[in-house]
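Engineer: Before we start, here is the structure in question, set down as structure tokens.
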Amino acid sequence: MKKFAAIYTILGLLFMLILPTMNLEAQSIAQGDQSGGAFFSGMAKFWENSGFYNFEFRQLLMIVIGLVLIHLAIKFKYEPLLLVPIGTGLIIGNIPLPATEGATIGINDEGSVLYYLYFGVKEGIYPSLIFLGIGAMTDFSSLISNPRLMLLGAAAQIGIFATFIGAVALGFAVNEAGAIAIIGGADGPTAIFASSNLAPHLLGSIAIAAYSYMALVPVIQPPIMRLLVSKKERVIRMKPPRAVSKLEKILFPLIGLLLTAFISPGSLPLLGMLFFGNLLKESGVTNRLAETARTSMVDIVTILLGLTVGASTSAALFLSISSIKIFLLGAISFAIATAGGVLFAKAMNLFLKKGDKVNPLIGAAGVSAVPASARVVQLEGLKSDPNNHLLMHAMAPNVSGVIGSAVAAGIMLSFFM
Amino acid sequence: MTFLIDIENWNWADIYVIAGVGYSVVFLVLVLLILVYKLIPKILNIRIKKRLKKEGKEIDSTASEQYVAGEVNAAIATALMLYFNEQHDEESNIITIKRVARTYSPWSSKIYGVRNVLSR
């Protein structure tokens, strides 16, 4: 091992010594002087093709951002299943590549491996498959048992439409604003689906903003919840959800599919897959398919989606004023969505009888970050009353938020496509 | 790409209309789902009541009887599972030692499996 290291150190030193002369040789070859010889010409070519020669400072910055995402995922466990692939993708996508014609290395070079892997993002295939997996792993029984909680999922979608107005006000084109708005739904796959159709050039920024804010749910939501919900309201106990029959569970995806697809056909690729996945789970006769959809398949798609979204985020596109605006809009929209859900829950309580009141904290779960925001609601509820478990109740607005944001994306597509 | 609104020459009224209509449609979809899901248990209950009537059983149709909390079901299911898992076969309670005669084989011989201590 020591010998091996010594040989390579000597070779490295030799290379460093040759390097300055090599540049001179490269210049002389370029000027038509053929006396450099094949060796120097080969080495010069090698040097020109290396990442060091094509390096730009902003690419280094992007690589650092990628490393920060990986650090956040490993050290603080912020959505590691997403941030590790995206962070690695950012590094891969920002390795300086030679500007050779016909090269098939980068994500935008037709024929390269990354190009074909990215096809699933560009054409909205991966988000639909992710929804299939989500459908196969989600239990809608809390929603079926207390359907009125779906209103909270609808109310929280105000984040999407407020962001739409905000994005237009900040100077984005209307179709771009439509894509950016979906960040307000806190739903990564839906945001990718909408931006791949409406504003492909902003896909990287939108996806990273959406996933970053999803990862920051435990940081962003609690202060807003504490600000808007009084201590008395935080301890409201809700009636336990009623038992849901198997038939109701089977009927839910079928009715949901027909209803949402007829009203908002644009959301069909997402909601069709979501309800299909749920039917696989609830039918009880396709357990193998449901198991594959919620485990292996969703894992494979998550890897490909994260990696290629990261790799598509090149420095030239990402390090721009519009990215900063997108991140700003994302933060505001997330706060508005959370506040929208909480305030709507408070408004609902004005019309409900004493025993039927809802704990306004669950309104924050109306954003569709499943199940992160439901988990945040549970933790906040426990802080006020250690025996008040809100998780099951919060899951209802949480999954209806997924449906709501997909419907909103479908509406945006139908307006702009 | 063709757009429903003129993306070059839009005015603010278009933007507010899109936001308003979009938000209303999201509510509409979810309100319809709520209505359907308020209705389905009632329809299913009618079916159950009809079946029970046919079988000649009495029906208690008070709301409190129809509402069964999920956690009650979970408790019943856990109790049943524990009950059935801890059930044993009926046994005679007579403990006997059954002698089994095995023919000798060097493969199972104890002599080859233990160390022979040397003795003078």
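The values are calculated or read from the model by the stated rules, or taken from the named source; none is laboratory data. This one's a predicted model, so the numbers in the text were calculated from it and none came from an experiment. Neighbour counts run over all protein chains shown; Cβ positions are idealised from the backbone, glycine included. Protein only, heavy atoms only, side chains kept; ligands, DNA and RNA dropped before computing areas. Shrake-Rupley method; radii C 1.70, N 1.55, O 1.52, S 1.80 Å.
Engineer: Return a yes/no flag: does region B:59-73 have any residue that is at the interface with chain A (Cβ under 7 Å from one of its Cβ atoms), open to solvent by less than 60 Å² (accessible area, probe 1.4 Å), at pLDDT below 75 and not in a helix (DSSP H, G or I).
Structural biologist: There is at least one residue in region B:59-73 that is at the interface with chain A (Cβ under 7 Å from one of its Cβ atoms), open to solvent by less than 60 Å² (accessible area, probe 1.4 Å), at pLDDT below 75 and not in a helix (DSSP H, G or I).
Engineer: Within region A:254-278, which residues are touching a residue at least 12 places away in the same chain (Cβ under 8 Å) and open to solvent by less than 50 Å² (accessible area, probe 1.4 Å)? Outline the logic, then answer.
Structural biologist: Kept after step one, since they are touching a residue at least 12 places away in the same chain (Cβ under 8 Å), are these residues of region A:254-278: A:254, A:256-257, A:260, A:263-278.
A:Gly256, A:Thr260, A:Ser264, A:Gly266, A:Ser267, A:Leu270, A:Leu271, A:Gly272, A:Leu274, A:Phe275, A:Gly277, A:Asn278, listed by residue number.
Engineer: Please verify whether region A:280-299 includes one or more residues that are in contact with a Phe, Trp or Tyr (Cβ under 7 Å, 6 or more places away or on another chain) and more than 25 Å from B:Val21 (Cα to Cα).
Structural biologist: no
Engineer: Now for a different question. For region A:144-166, name all the residues that are more than 7 Å from chain B (Cβ to nearest Cβ) and either basic (Lys, Arg) or under 21 Å from the mean Cα position of the chain (by Cα) (or both).
Structural biologist: A:Ala156, A:Gly159, A:Ile160, A:Ala162, A:Thr163, A:Gly166
Engineer: In addition: Which pairs turn up if I take residues in region A:309-328 that are assigned to a helix (DSSP H, G or I) and look for partners that are open to solvent by 10 Å² or more (accessible area, probe 1.4 Å) and among the hydrophobic types (A, V, I, L, M, F, W, C) with beta carbon separation below 6 Å, at least 6 apart in sequence or on another chain?
Structural biologist: As it stands, the answer is A:Ala311/A:Ile92; A:Ala311/A:Ile107; A:Ala311/A:Leu114; A:Ser312/A:Ile107; A:Lys325/A:Leu170, since those pairs meet every condition given.
Engineer: Can you tell me which of A:Ile105, A:Ile95, A:Ile134 is closer than 30 Å to B:Leu44 by Cα and either assigned by TED's automatic domain parsing to the domain that holds A:Ile303 or outside any helix (DSSP H, G or I) (or both)?
Structural biologist: Step by step, each of A:Ile105, A:Ile95, A:Ile134 is checked, and only A:Ile134 is closer than 30 Å to B:Leu44 by Cα and either assigned by TED's automatic domain parsing to the domain that holds A:Ile303 or outside any helix (DSSP H, G or I) (or both).
Engineer: Then there's this: Take A:Ile224 and tell me if it is assigned by TED's automatic domain parsing to the domain that holds A:Glu123, assigned to a helix (DSSP H, G or I), aliphatic (A, V, I, L, M) and open to solvent by less than 20 Å² (accessible area, probe 1.4 Å).
Structural biologist: Criteria not met by A:Ile224.
Engineer: Moving on. Scanning for something closer than 24 Å to A:Leu227 by Cβ, crowded, with 24+ Cβ neighbours inside 10 Å and within 13 Å of chain B (Cβ to nearest Cβ), does region A:370-383 turn up at least one residue?
Structural biologist: Checked region A:370-383: no residue is closer than 24 Å to A:Leu227 by Cβ, crowded, with 24+ Cβ neighbours inside 10 Å and within 13 Å of chain B (Cβ to nearest Cβ).
Engineer: Give me the residue from region A:238-253 that is more than 27 Å from A:Val377 (Cα to Cα) and more than 7 Å from every other protein chain (Cβ to nearest Cβ) and, out of that set, most open to solvent (accessible area, probe 1.4 Å).
Structural biologist: Looking at residues that are more than 27 Å from A:Val377 (Cα to Cα) and more than 7 Å from every other protein chain (Cβ to nearest Cβ), I get A:Lys246.
Engineer: Please enumerate the residues belonging to region A:258-271 that are of a type in the set (A, V, I, L, M), within 26 Å of the chain's Cα centre (by Cα) and either facing another protein chain (nearest Cβ under 8 Å) or more than 16 Å from A:Asp139 (Cα to Cα) (or both).
Structural biologist: Scanning region A:258-271 gives A:Ala261, A:Ile263, A:Leu268, A:Leu270.
Engineer: Let me ask another. Could you please let me know if A:Ser212 is hydroxyl-bearing (Ser, Thr, Tyr) and surrounded by fewer than 24 Cβ atoms within 10 Å (Cβ to Cβ)?
Structural biologist: Taking the combined requirement at face value, the residue satisfies it.
Engineer: Another one. Tell me yes or no: at least one residue of region A:63-80 is in contact (Cβ under 8 Å) with a residue 40 or more places away in the chain, out of contact with any strand residue (DSSP E or B) (no Cβ under 9 Å at 6 or more places or on another chain) and exposed (fewer than 13 other Cβ atoms within 10 Å of the Cβ).
Structural biologist: No; the residues of region A:63-80 include none that is in contact (Cβ under 8 Å) with a residue 40 or more places away in the chain, out of contact with any strand residue (DSSP E or B) (no Cβ under 9 Å at 6 or more places or on another chain) and exposed (fewer than 13 other Cβ atoms within 10 Å of the Cβ).
Engineer: How about region A:384-397: which of its residues are over 20 Å from A:Ala337 (Cα atoms), open to solvent by 50 Å² or more (accessible area, probe 1.4 Å) and part of a helix (DSSP H, G or I)?
Structural biologist: Within region A:384-397, the subset over 20 Å from A:Ala337 (Cα atoms) is A:384-389, A:392.
Going one step further and asking which of them are open to solvent by 50 Å² or more (accessible area, probe 1.4 Å), we end up with A:386-387, A:389, A:392.
Once the filter is applied, which keeps residues that are over 20 Å from A:Ala337 (Cα atoms), open to solvent by 50 Å² or more (accessible area, probe 1.4 Å) and part of a helix (DSSP H, G or I), region A:384-397 yields only A:Met392.
Engineer: While we're on this one: Quick one: how many residues across region A:167-176 are open to solvent by 10 Å² or more (accessible area, probe 1.4 Å) and more than 8 Å from chain B (Cβ to nearest Cβ)?
Structural biologist: Counting residues in region A:167-176 that are open to solvent by 10 Å² or more (accessible area, probe 1.4 Å) and more than 8 Å from chain B (Cβ to nearest Cβ) gives 5.
Engineer: Only one residue in A:Gly159, A:Gly124, A:Gly133 is in contact with a Lys or Arg (Cβ under 6 Å, 6 or more places away or on another chain) and open to solvent by less than 30 Å² (accessible area, probe 1.4 Å), so which one is that?
Structural biologist: After ruling out the rest, the residue left standing is A:Gly133.
Engineer: So is A:Leu90 open to solvent by less than 20 Å² (accessible area, probe 1.4 Å), outside the structural domain of A:Val358 (by TED's automatic domain parsing) and touching a residue at least 60 places away in the same chain (Cβ under 8 Å) or not? Write out each step before concluding.
Structural biologist: Values: open to solvent by less than 20 Å² (accessible area, probe 1.4 Å): yes; outside the structural domain of A:Val358 (by TED's automatic domain parsing): yes; touching a residue at least 60 places away in the same chain (Cβ under 8 Å): yes.
In short, yes.
Engineer: Report, by residue number, each residue of region A:227-237 that is part of a loop (DSSP other than H, G, I, E, B) and away from every other protein chain (no Cβ under 14 Å).
Structural biologist: Here is the first cut: in region A:227-237, the residues part of a loop (DSSP other than H, G, I, E, B) are A:229-230, A:235-237.
Of everything in region A:227-237, those that are part of a loop (DSSP other than H, G, I, E, B) and away from every other protein chain (no Cβ under 14 Å) turn out to be A:Val229, A:Ser230, A:Val235, A:Ile236.
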